[in-house]
Each structure stands twice: as C-alpha cells, then as structure tokens.
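Please read the structure below before turning to the comments.
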Amino acid sequence: MKILVKNGHIIDPSQDIDGVFDLLIEGRIIRGMYPEGKAQKGLLTQKDRVIDAGGKHVMPGLVDMHVHLREPGFEYKETINTGTHAAIKGGITTVCAMPNTSPVNDNSGITEFVIRKSQKEGMCSVFPVGAITKGLKGKELAEFGLMKEEGCIAFTDDGMPVMNPVIMRRALEYSRAFDVPIIAHSEDLNLSGGGSMNEGLLSEIMGLEGIPRAAEETMVFRDVALAELTGGRLHVAHVSTKGSVKIIREAKASGVKVTAETCPHYFSITEDAVMGYNTNAKVNPPLRTPADIEAIKEGLRDGTIDVIVTDHAPHHYDEKLLEFDHAPPGISGLETSLSLSLSLVEEGVLTLEGLVEKMALNPAQILGLKRGTMKAGARADVTIVDLKKKFKVDPKDFVSKGKNTPFDGWLLMGAPVITICAGKVYEWD
Ligand code: DOR
Ligand code: ZN
C-alpha cells in the first residue's frame, strides 16, 4: 500500500528541506518527495491512502534516546507496550530503553528479551541500552561485546553513576573499541548524599536535604577528562546545570568526543515546582534555577547540547504519594515532550529545523541509527505536527501508566496529530 502525505510543510534537516512538498510512502519505506501536485499522476491506486497535511508540519519520526520502559521487572510502572504506545502519541517512533530494569540489562539474554518483546508488543522501534557494570553496581564491567552483538547501541548505568573512575576509564576504552557511546549519569553520590531537590535557599526553607550543582559538574568534568584520556565517546545524560553546559562547551572546543542531552523539564520549570512538596516534580538530577534554564537554552542554541530526550521515568501513583524525600525521582515525559519543546521555537531559541535536529537527526547520528531522516529509502517514520493545536496536559489522558507529570493543567501550543511508524498510521484528535 502507498500513502501520499499531501501539502504538508516538510522539515527534514538531513536533506536541508524546509518547504511544502508531497511525501510518498510505500509499505514500510519512504519513496521520495515531490513538489506539490507532481506525485499524483499514475502513482496511486484506489487502495492507497492520501493524508492531507495542509497547514501542518511533516517531520521525521522523533528519536528519544533516553526512555525507561521498565520491562522486565517493573511492569506495574510501565511495559514495553504501554511505553511505546505513549511514544507514538508523543510523535516518537524510536526509543532507547534504559537498562535499570529487574533483572538489569547487563547481559545478552536480557537484551534479547527486550528486543523480542518489543518486536511482539512494541508499537514503535526499541533499541536497548546495556548496563556499563553488572547489576549497575559500579564494580565489574558488563560484557559489552556480547550485548552489542545482540543489539545494544550504547551503554549506561543511568539512575546510578559509575563512581569508580578506573571503571569509567575502562568503559570509555571499550566504547572506543566497540564504537558505541557511553552515556554518563553524572552524579557524585558523596555530594548528592541523601538529597532530594536542588540545594539552595528553597531546600533550606522546605527543610529538605539538597543536591548541589557540583554533584553533577564534578562528574561531568571527570568524565570529560577520561574521554580525553581514552579517546572514547562520552554522551552526558540529562544536563541540568549552567556549569555542566560550560564544561561541555569547553570540552567540545578542545576536541574531546563528547555529546550531551537535556530534557524538557530542565528548560521549562525551576525548583519552584517542588513547592508544596510536589513529588511529581521530584527528578534526578533535580530541577534547578532560572540561571540554569538560561544556560541550557544557550547550550541548545549554540550546539553544546546536541539532543533533547524525555528521560521518561514512569512511577506508580502510590510511590509518588510517599513523603517527598522517600518518593522515587522521575517524570513521565513521552506525551508532553514535543509540545514543551516547541516553546523553544516560539521563543526563538531554536528554529523548527533545529528542533528536529535535537529530537530526531542528532540522536540517530550519535547512535549510528538510520533514523531521523525522510530520505528516499529510509524507514517510513513520520510525525505530522499541528503548530496551532492547543493541548491541555491531563495525566488522565496519558496512555503511559506513569501519570507523574509536573505539567498537569498546562496549556501548550502545538502537538503531534499523526504518527506514522514503519508505514503504519496512528491518528487521533
Ligand atoms: O529521575 C530519574 N529517574 N533519574 C534517574 O536517573 C533515574 C530515573 C528512574 O529510573 O526512575
Ligand atoms: Zn534516566
């Protein structure tokens, strides 16, 4: 079957396309783009489908390289099926599944399980990320080679830092040999201690133990130094502070192989969101201050931060009912990510093309995936966005099991309306 997406404003930075074209899909593959009206003649039969994308924007399906799907082990929080469904609703057609499951994805058997289950029950494409160390314990390296062979596309202990610098050094050496990125959860546990929010006046007032920015920045600095030492590929996860942006900017300028990501919550809300002990705003690293938000936006603008991810971290309602310092950190992000990020375009921080780079092309390139592009021959992953659609965030409408969002009740402008994943069309109003 063929699908013709007509009259849409196509944004595809991989081909430098920013204009109105018709897009032809055949089966699971993109066939090409044609100037308005040129594609119809003789191309379609009655069985084929025409989607009118007039007034809408058509972009490559988004690639989210940092998602907690929670399966195996925490199916009460999320499953591969519900998490990938939430991704599709958010305009995301490829997700990378973090390894902090139970058991941990630290061996090829679990990698194979995630891949098989995703093929059977996943609604979008899933690429597993393997653990750096066995059981995320930071002591012994996992079998990178076997896990890569089975399908892992990167390695991380996300959720936990690799505290021992010798282990991190070895991981980066292996990353070079296997040509995969090491994704660093940058947190010095000695400094973050039992903290549960940003350290500052507000944490004092609220009587909560704080997490200083230096807990993140000292580790970003350490890992940049180790990436320089080893020549390995470092990708810094969920950047939350002004200082981290500065360190990464300087490292890039001096030729270190480092890339970085941030999440919509780090440029949309500050620590003030935790007032009232709102556990839905508890996340690790914690929400910071207006100065950090400004630095993160500048980092996105000047290319220091390459990628926007969700760090989708669904938790059960009852877990988030615990007292603030006992509730687990994390935000359910898949269904709000694109709408929140579109505000960067509205504010002039990024062009729409720049946003598609951060949310589709760059993550695909960092991971070596043939995604994030609508070139002829690419997989037919396409997101159609209505920039004028008003979207009121209501976690009751989430298909994710994780209703833990600090954006409840927000009115956002712009949202995906159709997601096409490997040629399959998902549409909602
Ligand atoms: O907020 C977070 N939640 N940060 C992490 O690093 C882990 C994640 C989770 O797995 O819930
Ligand atoms: Zn994470």
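Observations, loosely collected:
- Any chance Asp272 is more than 16 Å from ligand 1 (Cβ to nearest atom), of a type outside the set (A, V, I, L, M) and at pLDDT 95 or above: yes
- Selection within region 225-258 - more than 16 Å from ligand 1 (Cβ to nearest atom), under 20 Å from the mean Cα position of the chain (by Cα) and open to solvent by less than 30 Å² (accessible area, probe 1.4 Å): Leu234, Val245, Ile248, Val258
- Being at negative phi, aliphatic (A, V, I, L, M) and buried (at least 24 other Cβ atoms within 10 Å of the Cβ) holds for only one residue in Val166, Val95, Val104, and it is Val95.
- Residues of region 418-429 satisfying the condition of being in a strand (DSSP E or B) and surrounded by fewer than 20 Cβ atoms within 10 Å (Cβ to Cβ): Lys424, Val425, Tyr426, Glu427
- Flag: Thr310 matches the condition of being part of a loop (DSSP other than H, G, I, E, B) and either under 18 Å from Ala97 (Cα atoms) or free of Cβ contacts under 8 Å to residues at least 24 places away in the same chain (or both).
- Failed item, numbered, when Ala360 is tested on (1) more than 16 Å from ligand 2 (Cβ to nearest atom); (2) open to solvent by 10 Å² or more (accessible area, probe 1.4 Å); (3) within 14 Å of the chain's Cα centre (by Cα): (2)
- Residue in region 199-217 that is open to solvent by 60 Å² or more (accessible area, probe 1.4 Å), under 29 Å from Thr383 (Cα atoms) and more than 16 Å from ligand 2 (Cβ to nearest atom) present: no
- For region 147-263, the helices (runs of 4 or more DSSP H) that sit wholly inside it and include 2 or more residues that are more than 27 Å from Thr101 (Cα to Cα) are 201-206, 213-230, 242-253.
- Count of residues meeting criterion [open to solvent by 70 Å² or more (accessible area, probe 1.4 Å) and closer than 30 Å to Ala97 by Cβ] in region 32-65: 0
The values are calculated or read from the model by the stated rules, or taken from the named source; none is laboratory data. Values in this document were obtained by computation on a predicted structure and should not be read as measured data. Here the Cβ is made from the backbone with ideal geometry for all residues, glycine too, and neighbour counts use every protein chain on show. With ligands, DNA and RNA removed, areas are computed over all heavy atoms of the protein, side chains included. Shrake-Rupley method; radii C 1.70, N 1.55, O 1.52, S 1.80 Å.
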